[in-house]
1. Being open to solvent by less than 30 Å² (accessible area, probe 1.4 Å) and either within 23 Å of Met9 (Cβ to Cβ) or among the hydroxyl-bearing types (Ser, Thr, Tyr) (or both) narrows it down to one residue among Gly155, Gly166; which is it?
2. Out of all the residues in the range 198-221, which are modelled with pLDDT of 95 or more, open to solvent by less than 20 Å² (accessible area, probe 1.4 Å) and among the aliphatic types (A, V, I, L, M)?
3. In contact with a Pro (Cβ under 9 Å, 6 or more places away or on another chain), β-branched (Val, Ile, Thr) and more than 25 Å from Thr256 (Cβ to Cβ): does that describe Thr156?
4. Looking at the range 26-35, is at least one residue among the acidic types (Asp, Glu), in a helix (DSSP H, G or I) and under 17 Å from Val83 (Cα atoms)?
5. Just to be sure before I move on: is Arg61 at pLDDT 95 or above, open to solvent by 50 Å² or more (accessible area, probe 1.4 Å) and charged (D, E, K, R) in the structure I sent?
6. Answer with yes or no whether Asp89 is over 23 Å from Gln47 (Cα atoms), surrounded by fewer than 19 Cβ atoms within 10 Å (Cβ to Cβ), modelled with pLDDT under 95 and among the charged types (D, E, K, R).
7. What are the residues in the range 91-119 that are closer than 16 Å to Glu193 by Cα and either part of a loop (DSSP other than H, G, I, E, B) or not hydrophobic (A, V, I, L, M, F, W, C) (or both), if any?
Amino acid sequence: MALSVAVQMDPIQSIRIAGDTTFALMLEAQARGHSLYTYTPDRLSMQGRLVTAYAQPVTVRDVEGAHASLGDPERIDLAAVDVVLMRQDPPFDMAYVTATHMLEKVAGRTLVVNDPAEVRNAPEKLFVLDFPELMPPTLISRDRTEIEAFRKEHGTVAMKPLHGHGGAAVFRVSEEDPNFGSMFDLFTATFREQWVVQRFLEKITEGDKRIILVDGEPMGAINRVPAKGDIRSNMVRGGAAGASDLTEREREICATIGPELRRRGLILVGIDVIDGHLTEINVTSPTGIRTIKRLGGPDLAVSVWDAIEARLAARVSP
């Protein structure tokens, strides 16, 4: 059955398709005969119970620089489409939170992926704390006394903004680091919310594994190794990705969190694991699908759309 699909994303003209998961999802949707619309979050509006967007019909092709042909903008009722993919990049700020509230109004009629209420309730560096037995010791705080006590107990730590993304502003801080005071002042002036302070995992140099789960099941993984002289493995920060299988410990992590992801309607999730420790559960706009396929793994866009279509079929079953 052909579906109508609206994709809430950053401007499609500016994406780099070689590594863009949203684009992979759009290619697969089009291959299945689904019609596509695209719009940016600023084109979202709500009046009473009506949630609309000025969206453009789009045709996609896997050609860098000529990857999208857009039609004229039209005002569409998001309750009248079958699927909305909420795929704009973080930051997870009040604009992002507002979009989840608006899309929640149509989620009972339209399948929103991922479920907007559950995305809002699962900030990536907080949701993971529901599974402390899988994590390295972690503190969420901006209180200097608490942070210094944590450093004294655990030694070298990683410090990063609670709602950061893409490896931005991630620092390695040793117990006796003379820069800590200045870093504390910088974080205090820059970030109003608490920060993440986590025992530093020395084996980050061996890689930070991104595992993609589809409807709670692990489907593929890549191992991202930081560039020399950096602790950040994110590919946008120079990390290099390699093909990877799952260890027994990583399968245990996935088996533990998978049922909760499925219950929450978090169909596409990317988790990060360093040396057998779960560090993040990414639910806003997880990436990695195209890289997994490029490195010889499965085409997970197929798995995602199979899961979406199964969810829709379950909605209409008697």
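1. Residue meeting the stated conditions: Gly166.
2. Within the range 198-221, Ile211, Ile212, Leu213, Val214, Ala221 qualify.
3. Taking the combined requirement at face value, the residue does not satisfy it.
4. yes
5. Against the criterion (at pLDDT 95 or above, open to solvent by 50 Å² or more (accessible area, probe 1.4 Å) and charged (D, E, K, R)), Arg61 qualifies.
6. Working: over 23 Å from Gln47 (Cα atoms): yes; surrounded by fewer than 19 Cβ atoms within 10 Å (Cβ to Cβ): yes; modelled with pLDDT under 95: yes; among the charged types (D, E, K, R): yes.
When the stated conditions are applied, Asp89 passes them.
7. First, the residues of the range 91-119 that are closer than 16 Å to Glu193 by Cα: 91-97.
Once the filter is applied, which keeps residues that are closer than 16 Å to Glu193 by Cα and either part of a loop (DSSP other than H, G, I, E, B) or not hydrophobic (A, V, I, L, M, F, W, C) (or both), the range 91-119 yields Pro91, Phe92, Asp93, Tyr96.
The values are calculated or read from the model by the stated rules, or taken from the named source; none is laboratory data. Predicted model only: the values in this text are computed from it and were never measured. Cβ atoms come from the backbone with ideal geometry, glycine included; neighbour counts cover every protein chain shown. SASA here: full protein model, heavy atoms, side chains in, ligands and nucleic acids out. Shrake-Rupley method; radii C 1.70, N 1.55, O 1.52, S 1.80 Å.
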